[in-house]
2 protein chains.
Amino acid sequence: MKMNIPEVSQPRVVIVGGGFGGLQLAKSLKNKDFQVVLVDKHNYHTFQPLLYQVATAGLEPDSIAFPIRKVFKHYNQFYFRMAKVERVDTERKRLETPIGYLNYDYLVIATGSETNYFGKQDIANESLPMKSIPEALNLRSLVLQNFEKALTATEVGERDSLMNFVVIGGGPTGVELAGALAELKKEVLPRDYPDLDLRRMQIHLIEAGPKLLGAMSEVSSSKSLEFLKDLGVNVYTSTMVTGIQNNVVATDKGGAFYSHSIIWTAGVEGAPIEGLKPEAIIRGKRVKVNEFNQVEGYDNIFAIGDVAAMLTTELPKGHPMLAQVALQQGKLLGENLLNLRRGKALKPFKYKDLGTMATVGRHKAVAELPWWKTQGIIAWYLWMLVHLMALVGFRNRVVVFINWMWSYFNYDKGVRLIIRPFVRKKTVDEQPIDHLQTSTSIKSA
Amino acid sequence: MKMNIPEVSQPRVVIVGGGFGGLQLAKSLKNKDFQVVLVDKHNYHTFQPLLYQVATAGLEPDSIAFPIRKVFKHYNQFYFRMAKVERVDTERKRLETPIGYLNYDYLVIATGSETNYFGKQDIANESLPMKSIPEALNLRSLVLQNFEKALTATEVGERDSLMNFVVIGGGPTGVELAGALAELKKEVLPRDYPDLDLRRMQIHLIEAGPKLLGAMSEVSSSKSLEFLKDLGVNVYTSTMVTGIQNNVVATDKGGAFYSHSIIWTAGVEGAPIEGLKPEAIIRGKRVKVNEFNQVEGYDNIFAIGDVAAMLTTELPKGHPMLAQVALQQGKLLGENLLNLRRGKALKPFKYKDLGTMATVGRHKAVAELPWWKTQGIIAWYLWMLVHLMALVGFRNRVVVFINWMWSYFNYDKGVRLIIRPFVRKKTVDEQPIDHLQTSTSIKSA
């Protein structure tokens, strides 16, 4: 069955994925003599940088999501279809989906990245990922459910385990999440659970590499470590998680972390579409592209953003998986598709690093701008401003701003709601833990 | 196992249900020489009057929910436990829950009401209720999913059915929901789905009684009918739904309504606790109480709000199921529990009718105050003001206000998000419909 999209004389650009890259590309093709079809499995764009605030009850899920149809309401020859792409048939130049196939003249893969457990099934079963809004909501529910359970736990080891957190992965997501959990511990949970001894609650952050925020400079790494320690987070660097069983995290440094709330932020991989030539997919499941974001071996298929790997001598692993890269690639590809159509030469992509930031907590952030590195209160205000401006939609900006002001002045996180309880789908039999202990035998950094 | 609550010298009041009544009662017992334990299956209070706006993408779910623990953060001897009550053992004066049993000195049943399908399994299977936030979110997802599906439907009858709505029940919920759907049709959906012929979308409102808003006056009923007609809603009064099968609604007046989005708001019943004497439960599963809200046959068990039926000569069926009744009963019961403890006489409940309102759409509402009936724009502003002030929590009020202003000036509903797709649990085999038709053989009112 053919997907129900009018056939027109203009060439059809099919974009898969409504993240930062896909959205930006569609915008840059506005009324530009192309027919544009955007396909996404969700009907909304997710502002991923703030997912951790949804997970920690600071923001409503609806304030970091934006309906895709709303972005494009005044576009000519623009079509959105909600569908999960099954595969691409590059011979017949068509995309296959459950709602029919779709022919393309140009295909753009902007499918982003997904959680990577490196094949470890026990980690996948026993930890929670945080790459989508439903996942962030699962995490919010789990955190609150575990605290409700802790109240009724009769055994001290179990109670501690219900209050403890293990965040695996010391990149921006892990650092920001651990910081937000520490603020919950400090400001919110003691008021909500006066009958629990919150001093026993432990937040562990485990990073395999030698430092936090591996992609940032030494000063940002060490400052973020200092901020996390100030907030009482136990940080373990150069420590590899080797397995999780029955709510116990084991590492290569020995020791065991007991926690019912284990969050995995330590791995991502590309989320390419099935059907591309095997040589186009490289390590980490990313799609190999040239300097014009053209996929290896195809002249009418492009990839942008997290899923695209543009390998150069300076960047042998491709660009970092950042919103900025996706946005800039989306914008340039829009121009290049026009160039292609007009018979002009394509412009090569050159990443303009506008800087990176991470926030740990109130007045505690690190920022690296092209001309300036700063940490602390100024970085924190800057972080808020940048994220507020980057959010899609005025309504979302206002609601997020209100929530941030509320939290700032009240030392509060307002949406501590278990709307849909999280129920773990167990694949391994759950067995009682024999010797619950709350301290670990390895020292935190 | 005993629930983990300290035993103290003060008598223990156990309140089941954190709705309007239960919350108000707990507030009126603040630091009053009682130990208060509030039990609810959710960790939040739901502001039910605005559920229909969540279902129609006008408000975020989190803005009409309020964390119960947050309400009571500075209370002495107050405990909240999240648990679904299994039964009460009135002999041993204890409540049984999955997290242990709980002894009480005074028990207050404030469990509210739930959807009643009058035993019709086909209606339960094929329609959606709207009594809780997850249910309202299911509805929001379903509405949007059906529109996405309509885009790809190849058969015109199926496409129409995917765009049609049948709201069963012409009480306030049904009227408000039908009105909000009509505004979606008028203002939002044509922009989101330019490729669909929205003129074919039908909204049917079916009411078994002779008029809409049966509990209100003639003028409010007829005016709300007029408002709905202005918005293009097809209203059928004195029409009883006899069954639903394969997305077709049948009524006693003949005719068939084809719709993939069928919403049931036509019946509620009390949600009492198991274990009470059978004679305490009357028609509609409500709990029979005397003028002090004392449950028939018990002197230490009370019921307030929707679940309580205080039968009098003027009110042979008890009070209407309204937030105001629950609030006033909760407040008085707080005083009476103190009176009981001090050996004073109990005060009988007297309902003070502060008025009722219902809104149909922009500038279209009906209001009946004790001293004034009004319809139209003033009633609409009044409705907004009253609901804004009644919301629990300043943050919620601000967020709701922002959303309303946004919708008002932009003719928009901002949160058209399918965060969790709705998947129907089918119990009847789904079969293709032979003769899809879009018109019905009976005339709307």
Among GluC sites (Glu not before Pro) in the range B:1-107, those in a DSSP loop whose Cβ has at most 12 other Cβ atoms within 10 Å are B:Glu7, B:Glu91
Given a 1.4 Å probe, the accessible area of the protein assembly as shown per residue, as a whole number of Å², is 41
With A:Val392 itself left out, Lys, Arg at +1 and Asp, Glu at -1 over residues whose Cβ is under 12 Å from its Cβ give +4
Here the residues of the range B:154-197 whose accessible area is at least 30 Å² smaller with all protein chains than in the chain alone (probe 1.4 Å) are B:Arg191, B:Asp192, B:Asp195
Taking trypsin sites (Lys or Arg not before Pro) in a DSSP loop with at most 13 other Cβ atoms within 10 angstrom as exposed, one finds the longest site-free stretch of chain B at B:93-316
Among A:Lys373/B:Lys70; A:Lys211/A:Lys350; A:Lys149/A:Lys413; A:Lys41/A:Lys186; A:Lys253/A:Lys364, the pairs whose Cα-Cα distance exceeds 31 Å are A:Lys373/B:Lys70; A:Lys41/A:Lys186
Applied in sequence order to the range A:326-332, the curve 6.51 cos²θ - 1.76 cosθ + 1.60 (Karplus, θ = phi - 60°) yields integer Hz couplings, x standing for Gly and Pro, of 4, 4, 5, 5, x, 5, 5
Ignoring ligands, DNA and RNA, the residues of the range B:28-76 whose accessible area with a 1.4 Å probe is reduced by 20 Å² or more relative to the chain alone are B:Asn43, B:Tyr44, B:Glu60, B:Asp62, B:Pro67, B:Arg69, B:Lys70, B:Lys73
Residue by residue through the range B:264-275, the couplings from Karplus 6.51 cos²θ - 1.76 cosθ + 1.60 with θ = phi - 60°, in Hz, x for Gly and Pro, are 9, 10, 8, x, 10, 9, x, 10, x, 8, 4, x
Inter-part gap, Cα centre of the range B:188-226 to Cα centre of the range A:267-295, in whole angstrom, is 51
With all protein chains in place and a 1.4 Å probe, B:Ser238 shows an accessible area in Å² (nearest 10) of 50
Expected output for the range B:377-402, residues with a loss of 50 Å² or more in accessible area relative to the chain alone at probe 1.4 Å, reads B:Arg395, B:Ile402
Between A:Ile203 and residues 5 or more places away or on another chain, the pairs with built amide H atoms under 5 Å apart involve A:Phe165, A:Asn234
Long-range amide H partners of A:Met310, meaning residues 5 or more apart or on another chain whose placed amide H is closer than 5 Å, are A:Val289, A:His319
For A:Glu314, the accessible surface traced by a 1.4 Å probe with all protein chains present amounts, in square angstrom to the nearest 10, to 140
Per DSSP, the loop-located chymotrypsin sites (Phe, Trp or Tyr not before Pro) within the range B:300-395 having at most 12 other beta carbons within 10 Å are B:Trp371
Taking every C-alpha to C-alpha distance in the range A:77-158 and binning by 5 Å from 0, the per-bin percentages run 3, 10, 13, 13, 13, 12, 11, 8, 5, 4, 4, 2, 1
Filtered hits (lysines, Cα-Cα < 19 Å from A:Lys344, offset >= 8 within chain) -> A:Lys32, A:Lys331
Of the listed pairs B:Lys120/B:Lys425; B:Lys30/B:Lys73; A:Lys131/A:Lys285; A:Lys27/A:Lys84, those with alpha carbons more than 19 Å apart are A:Lys27/A:Lys84
In whole percent, the fraction of accessible protein surface over the protein assembly as shown that belongs to carbon or sulfur atoms, probe radius 1.4 Å, stands at 52
Buried accessible surface, B vs A, both sides, probe 1.4 Å, in Å² to 100, equals 4700
Tilt, helix B:377-390 to longest principal axis of chain B (alpha-carbon atoms), in degrees rounded to tens, equals 40
So, in nm and shortest first, the distances from A:Pro320 to its counterparts in the other copies, with label points 7 Å along Cα→Cβ, work out as 6.0
Taking placed amide H atoms and a strict 5 Å upper bound, the residues 5 or more places from A:Met240 or on another chain that come that close are A:Asp252, A:Lys253
For B:Arg362, inter-copy label-point distances (7 Å, Cα→Cβ), nm, shortest first, read 4.1
For A:Lys223, counting only aspartates and glutamates whose alpha-carbon sits under 15 Å away and dropping same-chain residues fewer than eight positions off, the answer is A:Glu176, A:Glu368
Accessible-area order for B:Asp89, B:Asp299, B:Asp33, largest to smallest, probe 1.4 angstrom, reads B:Asp299, B:Asp33, B:Asp89
Calc'd 3J(HN,Hα), the range B:346-361, phi into Karplus 6.51 cos²θ - 1.76 cosθ + 1.60 (θ = phi - 60°), Hz, glycine/Pro = x, comes to 7, 8, x, 7, 10, 6, 9, 6, 8, x, 9, 8, 8, 10, 9, x
Cβ-Cβ cut-off under 9 Å around A:Arg87, Lys and Arg +1, Asp and Glu -1: the net charge is -4
With the charge dipole of chain A built from beta-carbon charges (+1 for Lys and Arg, -1 for Asp and Glu) about the Cα centre, the Cα from A:Leu332, A:Leu198, A:Gln145 projecting farthest to the positive end belongs to A:Leu332
Gyration tensor on Cα atoms of the protein assembly as shown, a ≥ b ≥ c root eigenvalues, a/c under 1.5 rounded, else prolate if a/b beats b/c, else oblate, says oblate
Sorted shortest first, the nm distances from the B:Arg200 label point (7 Å along Cα→Cβ) to its counterparts in the other copies are 6.3
Normalised per residue, the volume inside the convex hull of the alpha-carbon atoms of the range B:67-114 in Å³ amounts to 109
The answer for the net charge of residues other than B:Phe302 whose Cβ lies under 15 angstrom from its Cβ, with Lys and Arg +1 and Asp and Glu -1, is +2
Calculated from DSSP helices alone, with each H run of at least 4 adding -39500 (n - 2.57) and the total divided by the residues of chain A, [θ]222 nm to the nearest 500 comes to -9000 deg cm²/dmol
In a Gaussian network model of chain A with springs linking alpha carbons closer than 10 Å, the residue among A:Leu382, A:Leu137, A:Leu333 that fluctuates most is A:Leu382
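The values are calculated or read from the model by the stated rules, or taken from the named source; none is laboratory data. No experiment lies behind these values; they were computed from the predicted model shown. All Cβ positions, even for glycine, are placed from backbone atoms using ideal geometry, and neighbour counts span all protein chains on display. Heads up: the accessible areas ignore ligands, DNA and RNA and are worked out on the full protein's heavy atoms, side chains in. Shrake-Rupley method; radii C 1.70, N 1.55, O 1.52, S 1.80 Å.
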